[in-house]
Amino acid sequence: MNSKKITLTTIFAALLLLLTACGKQTSSSQKQVLNLSATAPLDTIDISKSTGYGQTGNVFESFYRLGKNGKPTAGLAKSSNVSPDGKTWTFKIRKAYWSNGDRITAQDFVYSWRRTINPKTKSPYSYLFSGVKNANEIIAGKKSADQIGISAPNKQTVVIKLDKAISYFKVLMAYPLFGPQDKKVVVKYGSKYGRRSQYMVYSGPFVIKSWTGTGNKWKFVKNKHYWDKKAVKLQQINYTVVENPTTGHELYQQNKLDMTPLSNQQVKNYRSSSQFKSYPYSYVSYIAYNFKDKDENKRKALNNRNIRLAMSLAINRQVLTKKVLGDGSYIPTGFVASGLAKDPKTSEDFSKQQAVKNTVTYNKELAKKYWEKGLQETGLKNLKLTLLSSNDDSSSNVVSQYLQSQYAKVLPGLSITVRSIPTNNASQNAQNGNFDLYLAGWGGDFNDPITFLQIPLTGTSYNYGGYSNSQYDTLINKAQNEDANYPTKRWNDLVTAAKIFNGDQGVTPVYQQVTSYLQKTDVKGIIHNTAGTQWNYKYTYIK
């Protein structure tokens, strides 16, 4: 689990890449240049292997792009239609070109999907193809990748066959994961493909230059072959890794950045400024438990529901969000972020309906009761656990320290050691099961609860802790199959499943991210979304 999003470990690229901007313009004839900062280097630009597209969604494009308010807007598809039963989608590809001048064809989509879903590729997002004909069987190794339900009857037509109607399919098709890849280029570069910026071709508004695979500087340059290049105002976007808000603030004051993320103290100082901006995201930070911990006593403890409930109830999220983080972050009601999806009948937010009493509210006395009961059930007198977290994210550092201190105060006998390492290393350790507790996170890929609720399914690639609940699995499968065409029934399945997971504390939600920035007033046209490709610079310009 963790992503994109994020997370405090990967994030999800989408979350780990923070925005800034510069390049003062004194004449309209000068180039439009934006300087952006990131909290960590890019890990990959191979869309089949990426763990998020918060930044790279600007260099790759799918059938659609994600526009304002999470709505799909024009992309590589000129038109589309869907069959009455919702199981067949037909896309007509517009006259568009790769950044090397090659024509983008329907077959590029077919090749890309087959490459991504092939188990040999080890795509962390392969599960998002679930619902496409034969996808689950291919992921399970029971069918070959060329049997995925996508075909190209001619150069400009893509036909996609689904096992059942998917209510959020159009939004999903705005995700770069489902975009095309140029087979000629993949074959040409072989193992080098996507390892450096020159070993890649691009379909979006920008191309990447000067990315070495490990460097702390790279840039986006306007794609002269992009089909809608007239709409793109920026000539260049420069990226530099800026590791902390203090450095970012200094660069901002020197006019080397026009946008910089703020620490909690800086938020207090600038909240009333005209340059203050807050950008919420459907990113939930959480503690993942290793249900398959290699240590027998730790495994016994982490599989005990009372111990997990105690650890959740011991967290004072009000103090954490208001005083420790102080950046406007929200208190979550459960695993699914607020502001992501609304009940099709009542328009009530999913986050309200998923709430389970006495699971994420601070209750010191109840936490102690659950703790004592859990220790008694497991036969343990004390518990020493290691919390894995990222050290290249300031939020992760302060949250880790807060949790360590809070558990020592509230739960007698619980000792937490923080293991803080670089994001990519933390993610790899989590994937390999080398953790007791993991301060992770997930950012929504699209505006539907399933973007979160697919993660805890038995055996999914981001279910690093190995959570498994057959009742939960049954409800999610029912929502995605039997009830897929019935919005209210499907919604109720998802709410019931979420309550099971939240009641179990299969993971313990800590906070929902809101990042605050200082932004120069001459930076215009940034599109920010709470799910999916978080930042869209296609229409950004310096006034």
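The values are calculated or read from the model by the stated rules, or taken from the named source; none is laboratory data. Everything quoted here is computed from the prediction, not taken from an experiment. Glycine also receives a Cβ, built like all others from the backbone with ideal geometry; neighbour counts cover every protein chain displayed. Calculation scope for accessible area: heavy atoms of the full protein, side chains included, ligands and nucleic acids excluded. Shrake-Rupley method; radii C 1.70, N 1.55, O 1.52, S 1.80 Å.
When only residues in the stretch 92-106 that are of a type in the set (Gly, Ala, Ser) and open to solvent by less than 10 Å² (accessible area, probe 1.4 Å) count, which is farthest from Asn81 (Cα to Cα)?
Ala96
Counting only residues that are within 14 Å of Tyr539 (Cβ to Cβ), assigned to a loop (DSSP other than H, G, I, E, B) and of a type in the set (A, V, I, L, M, F, W, C), how many does the stretch 227-244 have?
So the answer is 2.
Wholly within the stretch 245-339, which helices (runs of 4 or more DSSP H) include no fewer than the required count, namely at least 1 residues that are open to solvent by 10 Å² or more (accessible area, probe 1.4 Å), over 19 Å from Ala38 (Cα atoms) and at pLDDT 90 or above?
Because the criterion is at least 1 residues that are open to solvent by 10 Å² or more (accessible area, probe 1.4 Å), over 19 Å from Ala38 (Cα atoms) and at pLDDT 90 or above, the helices (runs of 4 or more DSSP H) in the stretch 245-339 that meet it are 264-270, 296-302, 305-313.
When the residues of the stretch 340-362 are narrowed to those that are without any contact (Cβ under 8 Å) to a residue 60 or more places away in the chain and more than 15 Å from Gly503 (Cβ to Cβ), which ends up least open to solvent (accessible area, probe 1.4 Å)?
Across the stretch 340-362, the extreme among qualifying residues is Ser351.
Is it the case, given these coordinates, that Gln404 is polar (S, T, N, Q) and touching a Leu at 6+ places or on another chain (Cβ under 9 Å)?
So Gln404 fits the description; yes.
Every residue in the stretch 372-404 that is among the charged types (D, E, K, R) and under 30 Å from Thr246 (Cα atoms), please.
Within the stretch 372-404, the first condition is being among the charged types (D, E, K, R), and the residues that meet it are 372-373, 377, 381, 384, 392-393.
Residues satisfying the conditions are Asp392, Asp393.
Of the conditions (1) open to solvent by 30 Å² or more (accessible area, probe 1.4 Å); (2) more than 30 Å from Asn432 (Cβ to Cβ), Asp483 satisfies every one except a single condition; which number is it?
(1)
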